[in-house]
């Protein structure tokens, strides 16, 4: 056989040989997957409960200011009735009432906006903390992927389009409950929060076992 056909034969066989060697090599470690029930995790975080308590205190303070303005407006309204319409005193009282009414509307709008902004910020901070804790646990437990288990919330009865929208918004159909690390995430973040608040006697987070037989570290 001449050198040229031999070289051509080797060139043709080389890709097949490489493919066979690749297929025959040792299988890689399967991906380790865990999941988190996000709603449950949010509801059990002490940092969010503390944020809720702070918002309630602020709401109570703002409500007192609103009630004070309402009482003042009620007094101005009664005062207007005692003046002759069109008189200087009537017009002055009317101007003051309109001004205070604007103050009331502005205070109510600001109070609602402030509450919404604080809820949004607390939720954002909690989500970032959850994501960080999931990353830390994944590194410790040799987990490759942590998913949000959106198969848990119920599908509410509704019209066809709304039902389809609920279904289409889901990405997970089923997860083995043993793969859920929500409790470990909550335990870690609550321990961190208590430590940051200077609470005494806070038990440290327990060592995290691998989640279930399907997610054991190699």
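Could you tell me whether the range 29-215 comes out rounded, prolate or oblate from its Cα gyration tensor? Rule is a ≥ b ≥ c as square roots of the eigenvalues, rounded for a/c under 1.5, then prolate if a/b exceeds b/c, otherwise oblate.
prolate
Please give the FRET efficiency for residue 128 paired with residue 99, using the beta carbon to beta carbon distance and R0 = 30 Å, rounded to the nearest 0.05.
E between residue 128 and residue 99, to the nearest 0.05, is 0.10.
Relative contact order for the range 125-184 using alpha-carbon pairs under 8 Å, separation at least 6, rounded to a whole percent?
26 percent
Share of Cα-Cα pairs in the range 26-68 beyond 18 Å, in percent?
For the range 26-68, the fraction of Cα-Cα distances above 18 Å is 59 percent.
Compare the peptides 145-153, 70-78 by average per-residue count of other Cβ atoms within 10 angstrom and give them in order, highest first.
Taking the mean over residues of other Cβ atoms within 10 Å, the ranking is 145-153, 70-78.
Multiplying the sequence separation of residue 164 and residue 65 by 0.36 nm and subtracting their Cα-Cα distance, what value in nm do you get?
Contour length minus Cα-Cα distance gives 31.1 nm.
Along the three principal axes, how long is the range 103-145 when you take its alpha carbons, biggest first, rounded to the nearest angstrom?
Between the extreme Cα coordinates on each principal axis of the range 103-145 lie 57, 12, 6 Å.
Can you pull the three principal axis extents for the Cα set of the range 78-181, in Å, largest first?
80, 40, 16
Laboratory data are not the source of any read-out in this text; all were calculated from the coordinates shown. Nothing here was measured: the structure is a model prediction, and the numbers come from that model. All Cβ positions, glycine included, derive from the backbone under ideal geometry; neighbour counts span all protein chains shown.
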